[in-house]
Amino acid sequence: MSRHASAPLYEVYALKYAHHERRASENFIGGDPHDGPMPLDYFVWLVRGAGRELVVDTGFSRAMAAKRGREHLRCPAESLRSLGADAAAIRDVVITHLHYDHVGNFELFPAATFHLQEREMGYATGRYMGSECFRGAFEVEDVAGMVRRVYQGRVRFHDGDSELFPGISLHLIGGHTMGLQVVRVATRRGWLVLASDASHFYANMEEERPFPIVWSVAEMLDGYRRMRALAESPAHIIPGHDPLVLERHPAPSAALQGVVARLD
Ligand SMILES: [Zn+2]
């Protein structure tokens, strides 16, 4: 994969804002023969460089954490502030998909345009939401909130692959939801892919054992291959919920140990 020598390089951060204890058997289709604790971390991501700041996903609020029985650690805006980024001033937010843990918190980003796959909005507002197995991880008020932003002219729809800025592109994966997209970023260590829930854990993609919340298992498996083709190496693919992300990548400062990882 070539990169224009003049294309900007970006810093990329994973910011943990919530946590949830669960068993490994809940994280793979067909369970896990070596069942044990396998918790989820919840992240938003910050991409910064060339005078731009881009936030990927917006996370859930404390109230939503209480409703869903998740442990809310801090407001995503607070974590952004710890990196010197002001959520209220962010102009571009990529929403990887419309599940409750990736969208919402709209009021924290009053200046943002939201980047969403057209297919995701169709999925979240269409006939499949009549079935609990598909709508379970959606919150109707989050979806309605996105519809309101459409009417405010604040949503930019993407259909498939799309270059957002030089060195930052969106790629439709599907699988987990119909319109899930991943973000590829040019960094000093090569192409990095923010997988979000195209792979919740390293193990899902590395062992090709899909996560059980899924629109299309076939698309999810194709997505693992697609991401390997997009990224500099498998280690450049950042899963959406794996606590190992904070172990495999350094904190930008001692104070942010266990909270923020620098991925580039
Ligand atoms: Zn998720």
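Computed from the C-beta positions of Ala66 and Leu244, the FRET efficiency with R₀ = 45 Å rounds to 0.95.
For Arg23 and Glu107, compute 0.36 nm times the residue count separating them, minus their Cα-Cα distance, and round to one decimal in nm.
Values: separation 84, 0.36 × 84 = 30.24 nm, distance 3.35 nm.
Full extension of this stretch gives 26.9 nm more.
Placing +1 on the Cβ of every Lys and Arg and -1 on the Cβ of every Asp and Glu, with no other charges, gives the chain a dipole of roughly 560 debye about its Cα centre.
So, R0 is 35 Å and r is the distance between the beta-carbons of Gln152 and Glu206; what FRET efficiency does that work out to, to 0.05? After rounding to 0.05, the efficiency reads 0.30.
At 7 Å along Cα-to-Cβ for each site, give me the label-to-label distance between Ala7 and Ala229 in nm. My value for the distance between the label points is 1.6 nm. DSSP beta bridges confined to the chain are antiparallel in about 70 percent of cases.
Take each of the peptides 96-105, 151-160, 40-49, average the number of other beta-carbon atoms within 10 Å over its residues, and list them starting from the highest.
Details: 96-105: 25.8, 151-160: 13.2, 40-49: 22.5.
With the highest mean Cβ count within 10 Å placed first, the list reads 96-105, 40-49, 151-160.
Taking 4 °C and 1.567 mPa s as conditions, the range 1-123 diffuses translationally at an estimated 80 µm²/s according to Stokes-Einstein applied to its Kirkwood radius (Cα pairs).
Between the range 1-60 and the range 72-89, the alpha-carbon centres lie 16 Å apart.
Say each of Asp159 and Val217 gets a label point 7 Å from the Cα, pointing the same way as Cα to Cβ; how far apart are those two points in nm? So the label points at Asp159 and Val217 sit 3.1 nm apart. In whole percents, the pair-distance distribution calculated for the range 95-172 from its alpha-carbon pairs, binned every 5 Å from zero, is 3, 15, 26, 24, 19, 10, 3, 1.
Beta-bridge orientation, the range 154-240: approximately 80 percent antiparallel, per DSSP, counting only bridges with both partners inside.
Taking all protein chains into account, the per residue accessible area for the chain stands at 41 Å² (1.4 Å probe). Each of the peptides 176-187, 110-121, 64-75 was scored by the mean count of other Cβ atoms within 10 Å over its residues; in descending order, highest first, they stand as 176-187, 110-121, 64-75. Counted residue by residue at 0.36 nm each, then reduced by the alpha carbon distance between them, the extension gain from Thr125 to Glu141 reaches 4.6 nm. Here the dipole of the range 91-142 is about 200 debye; that uses its Cα centre as origin and unit charges on the Cβ of Lys and Arg (positive) and Asp and Glu (negative).
Looking at the range 21-153, send over the antiparallel percent of its DSSP beta bridges, to the nearest 5.
Values: 6 of 12 bridges.
The antiparallel fraction comes to roughly 50 percent.
The values are calculated or read from the model by the stated rules, or taken from the named source; none is laboratory data. For clarity, every value in this text was computed on a predicted model and none was experimentally measured. In this analysis, Cβ positions are derived from the backbone assuming ideal geometry, glycine residues included, and neighbour counts consider all displayed protein chains. Keep in mind that these areas ignore ligands, DNA and RNA; they rest on the heavy atoms of the full protein, side chains included. Shrake-Rupley method; radii C 1.70, N 1.55, O 1.52, S 1.80 Å.
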